[in-house]
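Student: Let me give you the structure first, and then I'll get to my questions.
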Amino acid sequence: MPQTSPELTFLLAIADLTTWNADTQQILDQFGHRTAALIGQPLQDIMRVPASGPPDELATQICQSKKPARSDAAGWLGVPIVEDGRVSVIAKFQTDGSHPLSELTLQILMSASGQIGAFLAKDRAQREARERFNELRQAQEQLIQSEKLASLGTIAAGVAHEINNPLSFLLSNLQTLSNYVTKIEEVIRAYAELERYVSPHKDARPLLDRIGEAKLHADLEFILGDHHDLLKESLEGVNRIREIVQSLKTFARANDEAPQEIDVNECILAALRVASNELKYKCDVRKELGELPKISANPGHLLQVFMNILINAAQAIESRGVVLIRTWNAGKTIRITVTDTGSGIAPENISRLFLPFFTTKPVGKGTGLGLSVSYGIIKNLGGTIEVESALGKGSTFTISLPLAGGVT
Amino acid sequence: MSPQSPRTLLWVDDEPNLLKSYRRTLRTEPYTVLTAQSGAEALALIQQQKVQVVISDYRMPQMNGIELLAEIKRIDPRIVRVILSGYADEASIEAALRNGGIWRYLLKPIDNPDLLAQVREMFSHYGNGAPD
């Protein structure tokens, strides 16, 4: 236990302190004479509750007493908590405004026997410092998360470039092969005609038998029936890889292109035109587009962001629903919200939404890159993209983009 | 250009499998296809043979596609010059398109039918007043 001040001795006289910490000591030292009035008074007078009793009863009485008895007590903070047979409540006391610590918060722990377990004092400055610390920590976590996303994106873009060349000759060769096989098939069919023609010839018999055996062994009829599907599916696969590679390359390109002065509303209207196939059958698209100043951005990239979000909105709606697009000038930023009445996003998926390759869509339907690419694009513009969602009710994506001069 | 005139295409890419695949695609077309795996090799070929069209990759060791095509433009500005690439520095592509360094920029991968149509266009562009 640290050295005690005279006031503290008073406090000790009325309370059985079982826990203590240096913070408390420091705070009480700083408060000094201002807390003196408080210290040494009977607990009942401060708390307006009996000094002893079962914890539940103490908690109830504290709740009913609305505020501590003393005139300089501003009130209770929160409700008393009963835990391990002890009642804990935070009381707030006002001091005169001259002191930097204008507010004193005491956490009062009471045992069932009415003994005070601990006085943990906290002042507002300390609380504010803690809040700031928490904010900073949160910001840092966000930064780490976005850096992680960015480096994942860079790696993905590098991989995409490496995949592109083999992909190119794979695509070309598969198309050529498809051509070859069609021609070979023609030749085989022509030979089959010849087989029928020469079959009466007895000299041809052994040769025809060999051919028949080879056909059987090769399962020729099956092969001739299957090869079209086989090549078609392979080409489908290559095209899917091609789309993924295309999306991944946007990560690397995000910084390359020169930005232009663009009208975000026009960009949204263009995205609606491009995505109209997805939207027109089941979505009632409503627009509330406010007047916006132009911003400096790459129109192609922004178009991609809006398309991704609009297509997601459309796909979240099963049969019929509403997609509401709102834009407004929020002073330092432009805000864009896209709200859908679709299926919503499960809470456990929200945090993974912007990760590359994360998708809840069926295989082949989504690459899991749309939102991560969008995230990268918006981040590069110095903006933010956020999502709110309720399962079964729908989702809202909110994009904030800084106005000219906002980006450093 | 008349149908009798020789039509020679030079393809430059540092990936030999790609050059082979392009050769296959163009095999039945009425073009002579030359291939080179580097800018230096391409420039050597240009000195020896008459070429109407050059299609080049962008990212290659030593000399990139834009640099190569700028050099080819200097040698013979009538040659139709095209970049076919999966990735290129967009700013330099844009500049080359604007100042006539290249006629067209195509994105890899490209479908065979599309490629054939593009090559046909390249040859018909030759002589139709070459770029610049």
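Student: Assess whether residue B:69 counts as being facing another protein chain (nearest Cβ under 10 Å), part of a helix (DSSP H, G or I), within 14 Å of the chain's Cα centre (by Cα) and not basic (Lys, Arg).
Tutor: No: the conditions fail for residue B:69.
Student: Would you say residue B:32 is within 14 Å of another protein chain (Cβ to nearest Cβ) and more than 19 Å from residue A:170 (Cβ to Cβ)?
Tutor: No; evaluated as a whole, the condition is false for this residue.
Student: Pick out the one residue from B:126, B:58 that is in contact with a helix residue (DSSP H, G or I) (Cβ under 9 Å, 6 or more places away or on another chain) and either away from chain A (no Cβ under 14 Å) or closer than 23 Å to residue A:239 by Cα (or both).
Tutor: Result: B:58 is the single residue among B:126, B:58 that is in contact with a helix residue (DSSP H, G or I) (Cβ under 9 Å, 6 or more places away or on another chain) and either away from chain A (no Cβ under 14 Å) or closer than 23 Å to residue A:239 by Cα (or both).
Student: Moving to a separate point now. Anything in the range B:84-106 that is of a type in the set (Asp, Glu) and in contact with a helix residue (DSSP H, G or I) (Cβ under 9 Å, 6 or more places away or on another chain)? List them, or say none. Steps first, please.
Tutor: So in the range B:84-106, the residues of a type in the set (Asp, Glu) come out as B:89-90, B:94.
Listed by number, the residues that qualify are B:89, B:90.
Student: Does residue B:83 satisfy the condition of being in contact with a strand residue (DSSP E or B) (Cβ under 6 Å, 6 or more places away or on another chain), assigned to a loop (DSSP other than H, G, I, E, B) and of a type in the set (A, V, I, L, M, F, W, C)?
Tutor: no
Student: Can residue B:47 be described as surrounded by 21 or more Cβ atoms within 10 Å (Cβ to Cβ) and away from chain A (no Cβ under 14 Å)?
Tutor: On the way: surrounded by 21 or more Cβ atoms within 10 Å (Cβ to Cβ): no; away from chain A (no Cβ under 14 Å): yes.
It is false that residue B:47 is surrounded by 21 or more Cβ atoms within 10 Å (Cβ to Cβ) and away from chain A (no Cβ under 14 Å).
Student: Filter the range B:1-18 down to residues that are within 13 Å of chain A (Cβ to nearest Cβ) and either modelled with pLDDT of 95 or more or touching a Leu at 6+ places or on another chain (Cβ under 7 Å) (or both) and give me whichever is surrounded by the most Cβ atoms within 10 Å (Cβ to Cβ).
Tutor: This residue is B:13.
Student: Can you name every residue in the range B:81-113 that is farther than 30 Å from residue A:238 by Cα and either hydrophobic (A, V, I, L, M, F, W, C) or within 14 Å of chain A (Cβ to nearest Cβ) (or both)?
Tutor: Result: B:95, B:96, B:98.
Student: Output the helices (runs of 4 or more DSSP H) that fall wholly within the range A:274-374 and possess 2 or more residues being of a type in the set (A, V, I, L, M), or say none.
Tutor: The helices (runs of 4 or more DSSP H) meeting that bar are A:299-316.
Student: Suppose the filter is over 20 Å from residue A:158 (Cα atoms), assigned to a helix (DSSP H, G or I) and within 14 Å of another protein chain (Cβ to nearest Cβ); does residue B:116 pass it?
Tutor: Details: over 20 Å from residue A:158 (Cα atoms): yes; assigned to a helix (DSSP H, G or I): yes; within 14 Å of another protein chain (Cβ to nearest Cβ): yes.
So residue B:116 passes the test.
The values are calculated or read from the model by the stated rules, or taken from the named source; none is laboratory data. All values derive from a computational prediction rather than experimental measurement. Neighbour counts are summed over all protein chains in view; Cβ atoms, including those assigned to glycine, are modelled from backbone coordinates with ideal geometry.
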